[in-house]
1. Can I143 be described as more than 30 Å from L19 (Cβ to Cβ), at pLDDT 95 or above and in a helix (DSSP H, G or I)?
2. Can you tell me which of V52, V67, V92 is modelled with pLDDT of 95 or more, on the phi < 0 side of the Ramachandran plot and in contact with a Phe, Trp or Tyr (Cβ under 8 Å, 6 or more places away or on another chain)?
3. So, E128, is that one modelled with pLDDT of 90 or more and assigned to a helix (DSSP H, G or I) or not?
4. What are the pairs, 6+ residues apart or on separate chains, where a residue within the range 107-125 that is under 18 Å from T88 (Cβ atoms) has its Cβ under 8 Å from a residue that is open to solvent by 60 Å² or more (accessible area, probe 1.4 Å) and in a strand (DSSP E or B)?
5. With the requirement that a residue be exposed (fewer than 13 other Cβ atoms within 10 Å of the Cβ) and under 20 Å from Y87 (Cα atoms), what does the range 114-137 give you?
6. Any idea which of L49, L101, L11, L19 is open to solvent by less than 80 Å² (accessible area, probe 1.4 Å), touching a strand residue (DSSP E or B) at 6+ places or on another chain (Cβ under 9 Å), without any contact (Cβ under 8 Å) to a residue 60 or more places away in the chain and not β-branched (V, I, T)?
7. How many residues are in contact (Cβ under 8 Å) with a residue 40 or more places away in the chain, open to solvent by 70 Å² or more (accessible area, probe 1.4 Å) and not basic (K, R) when one looks only at the range 147-156?
8. Quick check on the range 104-113: of everything there that is at pLDDT 90 or above and assigned to a strand (DSSP E or B), which residue is least open to solvent (accessible area, probe 1.4 Å)?
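The values are calculated or read from the model by the stated rules, or taken from the named source; none is laboratory data. Note that the structure is predicted; figures quoted are calculated from it, not measured. No Cβ is skipped: glycine too gets one built from the backbone with ideal geometry, and neighbour counts run over all protein chains shown. Calculation scope for accessible area: heavy atoms of the full protein, side chains included, ligands and nucleic acids excluded. Shrake-Rupley method; radii C 1.70, N 1.55, O 1.52, S 1.80 Å.
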Amino acid sequence: MLLNIFLIFALQLLYVPVLTLRTIFLVKNMSVAASTFGTLEALIYVFGLSLVFSGHQSIAEMVVYAVGFGVGLYIGTRIESKLAIGYTCLVVNLMEMNKELIALLRNKGFGVTVFEGMGRDSKRFQLEILTKRNRENEVMDLIEEYEPRAFIISYEPRKFKGGYLIKAMKKHWKKSNTVKQM
């Protein structure tokens with residue numbers, strides 16, 4: 001029984017992160033990765049469940065199954081946050097134009113679009129920054145350093161076309177492929 005409990009827990013630690021990643025790939029429209037993870041998920045799920053429901057149903061095995069699920073969710077979300085798949089868009093509202101911050105962001109390779117608007121009491125400036133998710137914290141840290149009172153909204157865009165980021169990625173891709181061919 002102790003071996004079964006250990007095996008059930010280990011399978012949950014494998015199963016749930018795979019389930020989490022499959023779901024994320026599905027939401028991000030990465031169907032090949034989602035179907036690959038889905039197949040793996042189904043195999044682990046059937047094997048793990050067959051252990052829990054084989055012959056006698058042990059309360060300990062069912063509790064370990066549930067606890068393993070919770071721990072697996074935590075591990076899956078940690079893995080996904082490290083992978084940081086996709087893009088994020090930051091909308092930054094400033095009280096004053098900060099040309100130094102804008103120049104720094106652009107020098108670090110971020111596309112920044114600046115808008116001027118009217119807030120409740122005065123003029124406001126809005127920066128719109130599209131970046132890869134794995135660089136979101138870098139952008140947030142720079143903004144915090146230069147504009148600690150900035151109001152920031154971050155969201156994940158589903159689709160986009162054109163613009164600075166796309167051109168920069170294509171340029172980088174062409175450069176890296178040219179180097180590989182040499």
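1. On the way: more than 30 Å from L19 (Cβ to Cβ): yes; at pLDDT 95 or above: yes; in a helix (DSSP H, G or I): yes.
The answer is yes for I143.
2. Details: V52 fails: modelled with pLDDT of 95 or more; V67 fails: modelled with pLDDT of 95 or more.
Checking each option against the conditions leaves just V92.
3. Criteria not met by E128.
4. V112/E128; T113/E128
5. Of the range 114-137, the ones exposed (fewer than 13 other Cβ atoms within 10 Å of the Cβ) are 115-123, 137.
Across the range 114-137, the qualifying residue is only N137.
6. On inspection, the qualifying residue turns out to be L101.
7. The first filter runs over the range 147-156 and keeps only residues in contact (Cβ under 8 Å) with a residue 40 or more places away in the chain, leaving 147, 149-156.
Next, only the ones that are open to solvent by 70 Å² or more (accessible area, probe 1.4 Å) stay: 149, 151, 153, 155-156.
Subsequent filtering for residues that are not basic (K, R) retains 151, 153, 155-156.
Adding up the residues that qualify gives 4.
8. Looking at the filtered set, the residue picked out is V112.
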